[in-house]
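The values are calculated or read from the model by the stated rules, or taken from the named source; none is laboratory data. Here the structure is a predicted model, which means the values were calculated and not measured. Using ideal geometry, Cβ is built from the backbone for each residue, glycine included, and neighbour counts are taken over all protein chains shown. Each accessible area value is taken on the protein alone, full model and side chains, heavy atoms only, with ligands, DNA and RNA left out. Shrake-Rupley method; radii C 1.70, N 1.55, O 1.52, S 1.80 Å.
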Amino acid sequence: MCGIFGYIGSRDAVKIAINGLKKLEYRGYDSAGIAGIKDGKIVSAKELGKITALEKEVAKMNLDLHVAISQTRWATHGKPSKINAHPHFDATHQLALVHNGIIENYEALRTSLKDKGVHFVSDTDTEVVAQLIGAHYKGDILKAVFETLPLLKGAYAIALIHQDYPDQIIAISHNAPLVIGIGENEAFISSDTHSFVAHTREVVFLENSEVAVIKADKLEVFNTALEQIEKKSEQLSIEAIESSKGNYEHYTLKEIHDQPQAVRNALSGRFLQEYGTASFDSLNFDVNELLNVKRILILACGTSWHAGYMGAYMLEDKARIPVQAEIASEFRYKNPIVQNDTLVIAISQSGETADTIAAVRELKAKGAKILALCNVEGSTLVREADSTLFLRAGQEIGVCSTKAFTSQVVILSLFTLMMARMRHMSKQDGQEFLKALERLPDQIDSILKNSAHIEAIAKKYAHYENFFYLGRHYMYPASLEGALKLKEIAYINANGYPAGEMKHGPIALINENCPTVALCSNNLTHEKLLSNLMEVKSRNGLVIAIAEEGDKGIEKIADEIIRVPATIDELACIPAVVVTQLLAYFIAKERGADIDQPRNLAKAVTVE
Ligand code: F6R
């Protein structure tokens with residue numbers, strides 16, 4: 001979603017900002033813009049579409065800037081357009097600001113400003129903030145900011161420049177992430193540390209409602225009472241990653257192929273084969289706390305929720321702990337009951353998903369302990385959680401989540417193993433479970449080597465507009481994930497369903513125009529699934545089966561079979577989901593979709 005990048009210092013601010021924006025591209029956006037101060041006046045450029053369009057535009061303007069704020073916009077209020085792109089300005093064009101988040105009461109604020117004669121040029125909620133600060137400005141910009149902030153409702157991260165203050169950027173963070181990078185006589189501001197980690201690793205995270213005045217050689221941070229507060233800087237340990245697709249046509253394909261290594265990374269140093277159990281260095285809950293857990297609540301959105309759903313099945317089945325996997329956006333409005341012995345597991349690749357973080361805050365306020373599963377160091381979720389298990393999947397740039405999902409399931413499996421071994425699971429069973437985990441990277445590799453077969457099937461079925469994905473037990477969340485991949489990157493309507501539920505309504509949609517992708521690798525329910533697939537066949541439905549090697553039963557039913565290596569039921573979702581990722585990828589490619597940045601989607605969903 002929207003990404004903010006700002007720079008102040010002696011270097012070429014435009015070049016640094018454009019490069020910074022490119023590092024935020026993965027978040028998803030529809031337009032981009034930049035503003036700076038030149039000869040005491042605000043100068044700016046905005047373009048609809050890709051950052052390269054903005055880059056060409058600023059090159060023509062020949063700007064020589066040493067302070068710049070810039071942003072990639074993902075439309076919420078007002079359609080994607082050059083006018084609605086950020087930055088936005090006050091009526092006198094003395095200030096420019098960029099914003100990430102949503103101003104919930106913008107309509108009322110806009111009306112009252114209009115009543116006072118203020119003319120708006122855009123449809124955005126952001127322009128309301130610029131106009132309000134402009135209206136309060138009487139020569140002291142910080143004062144104008146502090147008079148405006150109490151009027152705003154919602155979540156916002158803002159970077160602002162004013163022509164009377166050419167040597168500073170003001171940054172504001174309220175329920176939306178913003179981090180300041182401190183260099184030598186220069187400073188950066190961004191929604192994501194990856195965008196400037198090549199320049200500096202020294203960072204200051206702004207917390208809720210803090211306001212920072214950033215100069216090249218000085219940083220001041222204020223609380224809501226306008227009192228200056230002491231902020232300690234931290235050193236990032238993340239690497240500056242030169243993200244490259246290598247020889248792959250898309251990041252998404254590269255990340256699908258990263259999975260064997262991502263699984264190895266997730267497992268590395270986290271299990272004890274001799275004792276048949278798992279252990280995590282970074283888990284700072286003591287044994288008694290873990291033994292006292294009587295209930296687990298898993299919170300996440302989208303693909304991370306699918307991984308959580310899988311984890312819930314596993315934890316109940318193996319560790320015999322009641323588990324609820326909840327969609328964070330629903331859960332946060334349920335007024336949850338939290339008992340002392342409940343452990344909350346919050347799962348998020350980005351660590352910035354607004355709904356997940358809001359649910360976590362609600363639960364923290366009720367006294368719950370939070371364990372995060374996250375891929376991004378320094379992200380909001382990591383800072384909120386009591387303890388974090390990192391995915392170690394490497395940066396995921398394709399907007400649709402692939403390798404993060406696999407790593408999430410692997411870590412949930414290790415966590416399940418640890419909790420189960422502390423309770424009822426035998427050492428031998430634990431060791432078998434670990435062996436199955438260790439086999440996974442090679443098993444994924446063998447699926448990737450079978451890509452040509454999957455691509456051929458994808459080409460044959462790419463013209464269908466409706467699909468079902470069916471599975472039972474562990475294959476049910478896997479079918480949800482498979483269907484989501486097809487929806488988001490190929491723009492095809494796909495329903496993930498528990499196969500046993502089909503006859504309760506959805507089967508009415510089955511005909512020769514609606515193929516079914518059947519996820520067959522669950523031994524416990526295999527026979528039942530075959531019966532459900534017969535029901536599909538009897539209604540002229542086509543069946544593309546993802547079936548384990550040696551599964552003979554499916555041969556009489558399926559129109560196409562994609563084989564996956566056999567594993568235990570608890571882990572079978574991983575090979576199956578890798579196939580669905582490739583299927584969605586090749587179908588999307590055949591249809592000419594924008595695979596790495598699908599329309600309307602954002603990588604970090606930082607608004608409700
Ligand atoms: C789907 C996808 C999204 C995310 C969801 C949560 O491919 O990427 O559904 O899984 O937006 O994101 P995180 O995991 O960053 O909280």
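Restricting things to alpha carbons, tell me how big the range 250-391 is in terms of Rg and Dmax, in Å.
15.2, 46
Please work out the Cα center distance from the range 97-132 to the range 546-608, rounded to the nearest Å.
44
Give the residue list of chymotrypsin sites (Phe, Trp or Tyr not before Pro) in the range 322-408 that are DSSP loop and have at most 11 other beta-carbon atoms within 10 angstrom.
Values: sites: Phe331, Tyr333, Phe390, Phe405; in loops: Tyr333.
For chymotrypsin sites (Phe, Trp or Tyr not before Pro) across the range 322-408 that sit outside H, G, I, E and B with at most 11 neighbouring Cβ atoms in 10 Å, the list reads Tyr333.
Please list 3J(HN,Hα) in residue order for the range 96-110, calculated via the Karplus relation 6.51 cos²θ - 1.76 cosθ + 1.60 where θ = phi - 60°; whole Hz, with x for glycine and proline.
10, 9, 10, 9, 10, x, 9, 8, 5, 9, 5, 4, 5, 5, 5
Any idea what angle helix 302-314 forms with the longest principal axis of the chain, computed on alpha-carbon atoms, 0 to 90 degrees, nearest 10?
Around 40 degrees separate the two axes.
May I ask for the angle, rounded to the nearest 10°, between helix 475-490 and the longest principal axis of the chain, with both axes built from Cα atoms and the value confined to 0 to 90°?
On a 0 to 90 degree scale, this one is about 50.
Can you figure out the FRET efficiency of Phe285 with Glu438, using R₀ = 35 Å and their beta-carbon distance, to the nearest 0.05?
Numbers: r = 25 Å, r/R0 = 0.73.
The calculated FRET efficiency here is 0.85.
Taking the highest mean first, how do the peptides 262-273, 595-606 order by number of other beta carbon atoms within 10 angstrom per residue?
Listed from highest to lowest mean packing, they are 595-606, 262-273.
Kirkwood hydrodynamic radius of the range 196-272 from all distinct Cα pairs, in Å?
Its Kirkwood hydrodynamic radius stands at 16.5 Å.
Whole-Hz ³J(HN,Hα) for each residue in the range 572-581, computed from phi via Karplus 6.51 cos²θ - 1.76 cosθ + 1.60 with θ = phi - 60°, x for glycine and proline: what do you get?
5, 5, 5, x, 4, 5, 4, 4, 5, 5
Place +1 on the Cβ of every Lys and Arg and -1 on the Cβ of every Asp and Glu in the range 189-281, take the dipole about the Cα centre, and give the residue among Gly276, Val221, His199 whose Cα lies farthest towards its positive end.
Farthest towards the positive end: Gly276.
So for the range 407-538, what percent of the C-alpha to C-alpha distances run longer than 20 Å? All intermediate terms of the calculation are to be shown ahead of the outcome.
On the way: 4932 of 8646 pairs.
Value for the range 407-538: 57 percent of Cα pairs lie more than 20 Å apart.
Expressed as a fraction of 2.2 N^0.38 Å, the rule-of-thumb size for a compact globular protein of N residues, what is the C-alpha radius of gyration of the chain? Provide the component values of the computation, followed by the final result.
Numbers: Rg = 25.4 Å, N = 608, 2.2 N^0.38 = 25.1 Å.
Against the compact-globule rule of thumb, the ratio is 1.01.
Hey, what does the equivalent ellipsoid look like for the range 48-152, semi-axes from the Cα gyration tensor as sqrt of 5 times each eigenvalue, largest first, whole Å?
On the way: eigenvalues 122, 60, 28 Å².
The three semi-axes for the range 48-152 are 25, 17, 12 Å.
Order the following by accessible area, largest value first: Thr277, Thr580. Probe radius 1.4 Å; ligands, DNA and RNA are ignored. Display every interim value, and only then the final one.
Values: Thr277 25, Thr580 0 Å².
Result of the area sort, largest leading: Thr277, Thr580.
Would you mind counting up the charge near Lys218? Only other residues with Cβ under 13 Å from its Cβ, with Lys and Arg at +1 and Asp and Glu at -1.
Values: positive: Lys215, Lys231; negative: Asp167, Glu184, Glu186, Asp217, Glu220.
Charge balance in the 13 Å sphere: -3.
How many percent of the accessible area of the chain is carbon or sulfur, using a 1.4 Å probe? Don't skip to the end; give the middle numbers.
On the way: 11230 of 23280 Å².
Roughly 48 percent, rounded to a whole number.
Evaluate E = 1/(1 + (r/R0)^6) for Leu219 and His453, where r is the Cβ-Cβ distance and R0 equals 56 Å; express this FRET efficiency to the nearest 0.05.
On the way: r = 56 Å, r/R0 = 1.00.
Computed FRET efficiency for Leu219 and His453 comes out at 0.50.
Counting other Cβ atoms within 10 Å of each Cβ, which trypsin sites (Lys or Arg not before Pro) in the range 117-214 have at most 16 and sit in a DSSP loop?
Values: sites: Lys138, Lys143, Lys153, Arg201; in loops: Lys138, Lys153, Arg201.
Taking the range 117-214 and a limit of 16 other Cβ atoms within 10 Å, the loop trypsin sites (Lys or Arg not before Pro) found are Lys138, Lys153.
Based solely on C-alpha atoms, express the radius of gyration and the Dmax of the range 154-293 in angstrom.
In Å, with Rg to one decimal and Dmax whole: 20.7, 67.
Charges on Cβ only, +1 for Lys and Arg, -1 for Asp and Glu, centred on the Cα centroid of the chain; of Val579, Phe120, Tyr469, which one is farthest towards the dipole's positive end?
Tyr469
Between the range 35-64 and the range 440-500, what is the C-alpha centre distance in whole Å?
Here the two parts' Cα centres lie 43 Å apart.
Where in the range 310-347 does the label zone of Asp386 land, with the point 7 angstrom along Cα→C-beta and an amide N cut-off under 11 Å?
Only 340-345 fall inside the zone, counting backbone N under 11 Å.
So how strong a dipole does the range 16-95 carry about its Cα centre when Lys and Arg Cβ are +1 and Asp and Glu Cβ are -1, to the nearest 20 debye?
On the way: 12 positive and 8 negative charges, 41 e Å.
For the range 16-95, the charge dipole is close to 200 debye.
Which whole number of Å³ per residue matches the convex hull of the alpha-carbon atoms in the range 481-608?
Details: hull volume 17.2 nm³, N = 128.
Considering the Cα atoms of the range 481-608, their hull volume per residue is 134 Å³.
Can you give me the C-alpha center-to-center distance between the range 356-403 and the range 146-222, rounded to a whole angstrom?
After rounding, the separation between the Cα centres reads 22 Å.
Set the Förster radius R0 to 41 Å, insert the Cβ-Cβ distance between Glu227 and Glu274 as r into 1/(1 + (r/R0)^6), and round the FRET efficiency to 0.05. Don't skip to the end; give the middle numbers.
Values: r = 55 Å, r/R0 = 1.35.
FRET efficiency, Glu227 to Glu274: 0.15.
Taking amide H atoms as placed 1.01 Å from N in the peptide plane, list the residues 5 or more away in sequence, or in a different chain, whose amide H sits under 5 Å from that of Lys153.
Glu104, Asn105
I'd like the antiparallel share, as a percent to the nearest 5, of DSSP beta bridges with both residues in the chain.
Working: 64 of 102 bridges.
DSSP beta bridges in the chain are roughly 65 percent antiparallel.
222 nm [θ] for the chain, helices only, -39500 (n - 2.57) per DSSP H run of 4+, per residue, to 500?
Working: 18 runs with 206 residues, N = 608.
The helix-only estimate for the chain comes to -10500 deg cm²/dmol at 222 nm.
For the range 125-233, what Kirkwood radius comes out of the mean inverse Cα-Cα distance, in Å? Each step should come with its number before you reach the end.
Details: mean 1/r = 0.0704 Å⁻¹.
When all Cα pairs of the range 125-233 are included, the Kirkwood radius is 14.2 Å.
Would you tally the net charge around Asn375, using a Cβ to Cβ cut-off of less than 10 Å, leaving Asn375 out, and scoring K and R as +1, D and E as -1?
Within the 10 Å Cβ shell, the charges total 0.
Remind me, what semi-axes does the range 1-100 give for its equivalent ellipsoid, largest first in whole Å, using sqrt of 5 times each Cα gyration tensor eigenvalue? Don't skip to the answer; put the middle values down first.
On the way: eigenvalues 74, 48, 27 Å².
Taking √(5λ) for each eigenvalue gives 19, 16, 12 Å, largest first.
Compute the angle between helix 354-365 and the longest alpha-carbon principal axis of the chain, please, reported from 0 to 90 degrees and rounded to the nearest 10.
That works out to roughly 90 degrees.
Any chance you could list P(r) for the range 349-407, counting all Cα-Cα pairs in 10 angstrom bins from zero, rounded to whole %?
Bin by bin from 0 Å, the calculated values are 24, 52, 21, 3.
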